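The values are calculated or read from the model by the stated rules, or taken from the named source; none is laboratory data. What you are looking at is a predicted structure, and each value in this text was computed from that prediction instead of being measured. Here the Cβ positions follow ideal geometry from the backbone for every residue, glycine too, while neighbour counts run over all protein chains shown.
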Amino acid sequence: MDTLEYNRQAFALRSSQVIVLTAVLWGITVTSASFYRLTRKGHGRILAATERAGG
């Protein structure tokens, strides 16, 4: 395997890892933001029920 081929494979691997990492971080951000909005918007009983259940 020559250097060019190796670099191309390494770049493809890195870019796919970056895409996956970005998707995971984006998902965490969206989930936490929507959960925060849900609990702040008068849905305190959901939070209270979660705490009662030991969550």
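Hey, can you tell me all the residues within segment 1-14 that are surrounded by 10 or more Cβ atoms within 10 Å (Cβ to Cβ) and not charged (D, E, K, R)?
6, 7, 9, 10, 11, 12, 13
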Inset, instruction - Please work out which one of (1) assigned to a helix (DSSP H, G or I); (2) at pLDDT below 90 is the condition residue 28 fails and give its number. - result: (2)
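Answer yes or no as to whether residue 50 is modelled with pLDDT of 80 or more and either loosely packed, with under 10 Cβ neighbours inside 10 Å or assigned to a helix (DSSP H, G or I) (or both). Break it down stepwise before answering.
On the way: modelled with pLDDT of 80 or more: no; either loosely packed, with under 10 Cβ neighbours inside 10 Å or assigned to a helix (DSSP H, G or I) (or both): yes.
Criteria not met by residue 50.
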